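S.K.: What follows is a structure written as structure tokens; I'll ask about it next.
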Amino acid sequence: MKKTENNESTLTQGPASTVYGAAKTGKTVASAAKGAAVGGPYGAVAGLAAGAGHHAWKLIAIAVLLLMLPILFILMLPALIFGGLGGGSSEPVLNNNDAIIENMNDITFAVNEVLSEGITDAEDRIALDFAGTNGDNYEIVNPYADDMAGNINVFISQYCASKGETWENISLADLQDVIRQGKENLFSYKRTSETRTVEDDDPNTTDVVETSQELWYIYTLSYNGEGYFAGTVFRLSDEQKELATNYAENLSLFLGDGTIQHTPYNDSALPSLGDVRFTDGATPVVYFNQGDERWADKPYGTDNIGGYGCGPTSMSIVISSLTDEIVDPEEMAKWAYENGGWCSKSGSYHSLIPNAAKAWGLPVEGCTPSEPQRIIDALTSGKLVVALMQKGHFTSGGHFIVLRGVQDGNILVADPGSYSRSQQSWDLSIILSEASTRAGAGGPFWIIG
């Protein structure tokens, strides 16, 4: 399935532009991505055929697309171009899961390298700011010390959308260079001050502990998010922003990584559920649903809670159940937005879960699917576990849920997207097998309490 120069020229002028147009709507592309997730590129063609219906011209186009799948997926799922399509093998990278994972890891490393440089730049700016104050000392609060913020799928998609139809110029080195040009504004900070009592650390004054008052400045770093990249770094038009959103959704669907959290929500909120409590687990759980009419249409950044708020709603359930404070999804969404947890059109950064737990004084530990006994032990001891799920029983994309107990060997859940699923018990093997394969921040499971 190698490209020839003549074939490439024909594709660029003909069917490739058709695929580019399809990517703008995301509908035909999504069908192909579903097929590819199951059966590789030939499954993608089957997906396209399924979406074509009775339109003969679409079926003809599908036959042509069978011969241009590498170009098709470069346009639909732009991350796959990084690292090439073959790597010296006759097998296309689309049929080589290890090659795709390696490429994604390379991209993640390259992007995080620049984000790390952005943090260093912010720390340098903080030092300059402090030098102009009358403070005695300062402290930097860095929420990204354990896990770098950023949705790699969105980065890739915005970058590729910025290339327009000049997608042949896409490369990992260029992506890194473009991001690096805007690194001085990747992170911003807030400054507060407080007076602290400090002990004299002079080793010669051992008899009496002396203290003094010092003025400290506290600088809290915040990530400016993909919205900053879209407008300032990649300078996307409204059309390109829409294209990037579709790219990211298709890429996440193709990879099956659950990084894009979106619950179908057609401006049709659920009636108010009122006060719901689950008492059949070791810990009584306060239940919230993101689609509840009380907050479904409320903002989560520039999105809404009903469609994108599974992350803050899950943390509302956890915090309201494990502390003496009731925090509803609207309050939690506001906190998440103000503290760097919201990712535009993608739900929440995975770091929202541990950061919110720590902010409310709750112990939190990451956990992997290879540690099922840790999950069971945590739930039977009264702790709660937040899980990031990918396509399966709980979602067609990505979705946060709360594991809330064990009953007759099965797992009880509090699913912020479904009250009915929350009333069922689930085999642990389903949850383990459908957990996200690319969760960050210690996930895809977070043991809290």
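The values are calculated or read from the model by the stated rules, or taken from the named source; none is laboratory data. No experiment lies behind these values; they were computed from the predicted model shown. Please note: Cβ atoms are built from the backbone with ideal geometry, for glycine as well, and neighbour counts cover all protein chains shown.
S.K.: Take region 210-262 and flag every residue that is surrounded by fewer than 19 Cβ atoms within 10 Å (Cβ to Cβ), among the aromatic types (Phe, Trp, Tyr) and closer than 25 Å to Pro312 by Cβ.
M.R.: Hit for region 210-262 is Tyr228, nothing else.
S.K.: State all residues of region 335-344 that are in a helix (DSSP H, G or I) and buried (at least 18 other Cβ atoms within 10 Å of the Cβ); if no residue qualifies, say none.
M.R.: Trp335, Ala336, Tyr337
S.K.: Something else: Hey, any hits in region 371-388 for a residue that's outside any loop (DSSP other than H, G, I, E, B), of a type in the set (Asp, Glu) and out of contact with any His (no Cβ under 6 Å at 6 or more places or on another chain)?
M.R.: yes
So that you can scan it fast, the table gives a plain yes or no per residue for (1) under 19 Å from His399 (Cβ atoms); (2) more than 21 Å from the chain's Cα centre (by Cα); (3) part of a strand (DSSP E or B):
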| site | (1), (2), (3) |
| --- | --- |
| Asn289 | yes, no, no |
| Ala296 | yes, no, no |
| Gly307 | yes, no, no |
| Thr313 | yes, no, no |
| Ser316 | yes, no, no |
| Ser320 | no, yes, no |
| Glu325 | no, yes, no |
| Glu330 | no, no, no |
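S.K.: Within region 128-151, restricting attention to residues that are among the hydrophobic types (A, V, I, L, M, F, W, C), crowded, with 16+ Cβ neighbours inside 10 Å and modelled with pLDDT under 85, which residue is farthest from Ser116 (Cα to Cα)?
M.R.: Out of the qualifying residues, it is Ala149.
Residue by residue, here is whether (1) closer than 30 Å to Ala131 by Cβ; (2) assigned by TED's automatic domain parsing to the domain that holds Lys345 holds:
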position: Glu184; (1), (2): yes, no
position: Glu199; (1), (2): yes, no
position: Glu214; (1), (2): yes, no
position: Ile218; (1), (2): yes, no
position: Thr232; (1), (2): yes, no
position: Leu236; (1), (2): no, no
position: Thr259; (1), (2): no, no
position: Asn289; (1), (2): no, yes
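This table checks each residue for (1) out of contact with any strand residue (DSSP E or B) (no Cβ under 6 Å at 6 or more places or on another chain); (2) buried (at least 21 other Cβ atoms within 10 Å of the Cβ); (3) farther than 17 Å from Arg374 by Cβ.
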site	(1), (2), (3)
Gly398	no, yes, yes
Leu403	no, yes, no
Asp408	yes, no, yes
Asp415	no, yes, yes
Tyr419	yes, no, yes
Ser425	no, no, yes
Ile430	yes, no, yes
Ala439	no, yes, no
Phe445	no, yes, no
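S.K.: Quick check on this structure: which one of Gly301, Gly281 is under 29 Å from Tyr144 (Cα atoms) and either surrounded by 17 or more Cβ atoms within 10 Å (Cβ to Cβ) or modelled with pLDDT under 95 (or both)?
M.R.: None of the other options fit; the residue is Gly301.
S.K.: Also: If you check every pair at least six apart or on different chains, which have Cβ atoms under 8 Å apart with a residue in region 321-344 that is assigned by TED's automatic domain parsing to the domain that holds Arg404 first and a residue that is crowded, with 17+ Cβ neighbours inside 10 Å and of a type in the set (Asp, Glu) second?
M.R.: Pairs found: Pro329/Asp292; Trp342/Asp303; Cys343/Glu226; Ser344/Glu226; Ser344/Asp303.
S.K.: Anything in region 409-427 that is touching a residue at least 40 places away in the same chain (Cβ under 8 Å) and under 21 Å from Asp257 (Cβ atoms)? List them, or say none.
M.R.: Pro416, Gly417
S.K.: Looking only at residues in region 186-208 that are modelled with pLDDT under 85 and either hydroxyl-bearing (Ser, Thr, Tyr) or under 13 Å from Tyr228 (Cβ atoms) (or both), which one is surrounded by the fewest Cβ atoms within 10 Å (Cβ to Cβ)?
M.R.: Thr206
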